[in-house]
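The values are calculated or read from the model by the stated rules, or taken from the named source; none is laboratory data. These figures come from a predicted structure and were not determined experimentally. Note: ideal-geometry Cβ built from the backbone for every residue, glycine included; neighbour counts use all protein chains shown. Ligands, DNA and RNA are excluded from the accessible area calculation, which covers all protein heavy atoms including side chains. Shrake-Rupley method; radii C 1.70, N 1.55, O 1.52, S 1.80 Å.
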2 protein chains.
Amino acid sequence: MARKQGSHAETTAPKVRDAALRLFARHGYAAVSMRQIAQEVGVQAGALYRYTPDKQHLLFDLMRSHMEALFEARQAYAQPSDPLARLDAFTTFHIRFHLQRVDAVFVSYMELRNLSPENFAEVARLRSRYEGELEAILRDGVAAGVFEIADCKITTLAIIAMLTGLTTWYREGGRLPLDEITALYVRMVRGAVGVV
Amino acid sequence: MARKQGSHAETTAPKVRDAALRLFARHGYAAVSMRQIAQEVGVQAGALYRYTPDKQHLLFDLMRSHMEALFEARQAYAQPSDPLARLDAFTTFHIRFHLQRVDAVFVSYMELRNLSPENFAEVARLRSRYEGELEAILRDGVAAGVFEIADCKITTLAIIAMLTGLTTWYREGGRLPLDEITALYVRMVRGAVGVV
DNA sequence: GTCTATAACGAGATAGAC
DNA sequence: GTCTATCTCGTTATAGAC
């Protein structure tokens, strides 16, 4: 017996990534075997190696494409010129994007230790590039006299941690609609940069 | 053959916990074997079961005692009556405590998924009790007309996420001394609650 | 009685030959 | 794909040293 049907590479590849992401998020990278991923996809373990050189690369791919999707989505977003409007837009964008990919956010943060040094360096580079975008907004706002910030680098990290933290507790159908929650965060971020 | 020396329960017990915490933080709960922990302690795997009923309970114990140490340390801290002073004290306390226990913080957040439902419920209870302490400060500040907060619950979660995020990047001997970093966060937290 | 080394179980993962 | 031998896991049983 060989294969059951014709070519499936195009549908199988994303299935592998989806299954790996879900399993990594739920059980942790180290706890998930290639066999488990294969079973989830509906193929034999060996077949996975048509789509990834190894398990490590699979993890790296998930993190890298998460970051790439982040940049792509951000470019599709409106970029006002006014610093305060840009900050508000960043806040809104960050929340919406990350809430749609809770698994990827969790894995990208938790499994950094399981990346090889080179892969870690690449993910760290992408991450600090993203942080740089917020930092640039903050610096422009300070230069324009709109923000009051003692240290733009640390303020950047603090804001991103605050916003991303939302992914750990937000549930659809909760006490408040997402629009209202977002408005609350927009206001808190403004406060953190000294806008009254 | 049996034992090499006399009684060691009192020194071995904390060694087991220390080793488990360090290994769980570095490699993840699922990736760490009881044999690895035993080797780190300098004992055979079977001997670990003198100190824990099973691996799951070991993880739970680490998380629970992390929370208990948190409450204990907090009680030793000064509790001013002025809402703003209390908020500042909370910020300072939270940063200092969590920076001293980075491994426990990481494990407590990351390995929640590996707790049994009952153990998870207990840890969640302790955690929300701690959040309640900050929330109470915020409510008092609002009542006193000092803070301007639209939603105390969400503001609490946002502030804690912002502060705890510090543990992911802070390194001793970095660009700024901890005192200055703390001062920056005190200011940002103030801003987030509408204090100018 | 207290503590630990040793050995072993059953389950599941893994590696390699076919 | 499949079979098999081997490894590793959490955990238990037991017996010997303090």
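Summary of values
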| quantity | calculated |
| --- | --- |
| Whole-Hz couplings from phi, Karplus 6.51/-1.76/1.60, listed for region B:133-138; x for Gly and Pro | 5, 5, 4, 5, 4, 4 |
| Peptides ranked, highest mean first, by Cβ atoms within 10 Å: ranges B:28-34, B:89-95, A:43-49 | B:89-95, B:28-34, A:43-49 |
| Label spacing, shortest first and in nm, from B:Glu180 to its equivalents in the remaining copies (7 angstrom along Cα→Cβ) | 4.2 |
| Whole-Hz ³J(HN,Hα) from phi, Karplus 6.51 cos²θ - 1.76 cosθ + 1.60, for region A:93-105, glycine and proline x | 4, 4, 4, 5, 4, 6, 5, 7, 9, 4, 4, 5, 4 |
| Shortest-first distances to equivalent copies, position B:Leu84, nm, label 7 Å out along Cβ | 2.2 |
| Chains A and B together, accessible area buried on both sides, 1.4 angstrom probe, square angstrom | 2900 |
| Mean residue ellipticity (222 nm) of the protein assembly as shown, computed from DSSP H runs ≥ 4 via -39,500 (n - 2.57), nearest 500 | -22000 deg cm²/dmol |
| Distance from region B:146-196 to region B:49-93 (C-alpha centre basis), Å | 19 |
| Relative packing of peptides B:127-136, B:150-159, B:52-61 - highest average C-beta neighbours within 10 Å first | B:150-159, B:52-61, B:127-136 |
| Under the Karplus curve 6.51 cos²θ - 1.76 cosθ + 1.60, θ = phi - 60°, whole-Hz ³J(HN,Hα) for region A:51-58, x wherever Gly or Pro sits | 10, 8, x, 6, 5, 4, 5, 4 |
| Other-copy label distances relative to A:Gly46, 7 angstrom Cα-Cβ extension, nm | 4.1 |
